[in-house]
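Q: What follows is a structure written as structure tokens; I'll ask about it next.
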Amino acid sequence: MFLHRSIVFDHLRKYCGQNGSTLVLAFYFKYKEANDLSSASVIASLLKQRLEYCGGNKLPPDISSLFEKNSSEKTRPIFPELLHALTASLIGYSKVFLIFDAADECPQPIWDVLTHHFDYFKDNTHILITSRYAKDRKYKEAETITISAAEEDIYKMVENMMLTCHTLSDALEASRDILPKVQRDITAKSQGM
């Protein structure tokens, strides 16, 4: 899916499961990829995750016809087609969680298009937006919860990342005393993010 996943995404997948009645899809905005981003690519990514989830099962009819149309015309689907295909493919789930992670990294024009279309999703769809504080990243009057990580949490996260990342764990083997220094430096500079 993508290298970075939020704790929220992992939590929802773990506790809500990916079963026949619940689906969790996420898009992580990366500032380095902002120039290549479009509203269509965001929805296409969510749709791709949905298709990967259905595995070898039969594709929903709307998606099959969209694929056939664009294959025969040698074109790419446009935003409205992708949005329609995604919303149609979510029917039948009792709960769908769509996570838009690091929304503050999304260019404003794309964000405006996406939020304008959030109402197209049915009542079974719950939209979660994570962001550093950005008043323009709200959606209507949606509830806002401010969360700030404790230094201890960041310290543990850095340690976990360094121990589980193959490249970093190799560096740790060479110099075991580097871990506490990296933990302290990153924790100090993170300012609770």
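The values are calculated or read from the model by the stated rules, or taken from the named source; none is laboratory data. Please read all numbers here as calculations on a predicted model, not as lab measurements. Note that we place each Cβ from the backbone using ideal geometry, even for glycine, and neighbour counts take in every protein chain shown. With ligands, DNA and RNA removed, areas are computed over all heavy atoms of the protein, side chains included. Shrake-Rupley method; radii C 1.70, N 1.55, O 1.52, S 1.80 Å.
Q: Mind checking which residues of segment 151-193 are under 20 Å from Ala102 (Cα atoms), touching a residue at least 24 places away in the same chain (Cβ under 8 Å) and open to solvent by less than 100 Å² (accessible area, probe 1.4 Å)?
A: Hits for segment 151-193 are Ile154, Val158, Ile186, Thr187, Ser190, Gly192.
Q: Give me the pairs, please: first residue somewhere in segment 47-72 and closer than 20 Å to Phe97 by Cα and open to solvent by less than 20 Å² (accessible area, probe 1.4 Å), second residue anywhere and assigned to a loop (DSSP other than H, G, I, E, B) and at pLDDT below 85, beta-carbon distance under 8 Å, and either six or more positions apart or on two chains.
A: From residues that are closer than 20 Å to Phe97 by Cα and open to solvent by less than 20 Å² (accessible area, probe 1.4 Å), the pairs are Gln49/Met1; Cys54/Pro60.
Q: Kindly check whether there is at least one residue in segment 119-132 that is modelled with pLDDT under 80, within 21 Å of the chain's Cα centre (by Cα) and either of a type in the set (Gly, Ala, Ser) or surrounded by fewer than 17 Cβ atoms within 10 Å (Cβ to Cβ) (or both).
A: So the first thing to find is which residues in segment 119-132 are modelled with pLDDT under 80, and the list is 132.
When the remaining residues are screened for being within 21 Å of the chain's Cα centre (by Cα), the result is 132.
Narrowing further to those that are either of a type in the set (Gly, Ala, Ser) or surrounded by fewer than 17 Cβ atoms within 10 Å (Cβ to Cβ) (or both): 132.
Within segment 119-132 (the criterion being modelled with pLDDT under 80, within 21 Å of the chain's Cα centre (by Cα) and either of a type in the set (Gly, Ala, Ser) or surrounded by fewer than 17 Cβ atoms within 10 Å (Cβ to Cβ) (or both)), the answer is yes, since at least one residue qualifies.
Q: Another question, then. Could you count how many residues in segment 33-76 are under 22 Å from the mean Cα position of the chain (by Cα), within 17 Å of Leu23 (Cβ to Cβ) and among the acidic types (Asp, Glu)?
A: The total comes to 1.
Q: Let me ask something else about it. Could you check how many residues of segment 35-46 are open to solvent by 20 Å² or more (accessible area, probe 1.4 Å) and either among the hydrophobic types (A, V, I, L, M, F, W, C) or without any contact (Cβ under 8 Å) to a residue 12 or more places away in the chain (or both)?
A: Residues flagged as open to solvent by 20 Å² or more (accessible area, probe 1.4 Å) and either among the hydrophobic types (A, V, I, L, M, F, W, C) or without any contact (Cβ under 8 Å) to a residue 12 or more places away in the chain (or both) within segment 35-46 amount to 6.
Q: OK, next. Restricting segment 22-40 to residues that are closer than 15 Å to Asp101 by Cα and in a helix (DSSP H, G or I), which is modelled with the lowest pLDDT? Steps first, answer last, please.
A: Step one: filter segment 22-40 for residues closer than 15 Å to Asp101 by Cα, giving 24-34, 37, 39.
Narrowing the set further to residues that are in a helix (DSSP H, G or I) leaves 31-34, 39.
Values: Tyr31: 85, Lys32: 89, Glu33: 90, Ala34: 88, Ser39: 96.
Taking the candidates together, the pick is Tyr31.
Q: How about segment 141-171: which of its residues are under 30 Å from Ile127 (Cβ atoms) and of a type in the set (A, V, I, L, M, F, W, C)?
A: Ala142, Ile145, Ile147, Ala149, Ala150, Ile154, Met157, Val158, Met161
Q: Scan segment 83-92 and give yes if some residue there is without any contact (Cβ under 8 Å) to a residue 12 or more places away in the chain, out of contact with any helix residue (DSSP H, G or I) (no Cβ under 8 Å at 6 or more places or on another chain) and of a type outside the set (Ser, Thr, Tyr), otherwise no.
A: yes
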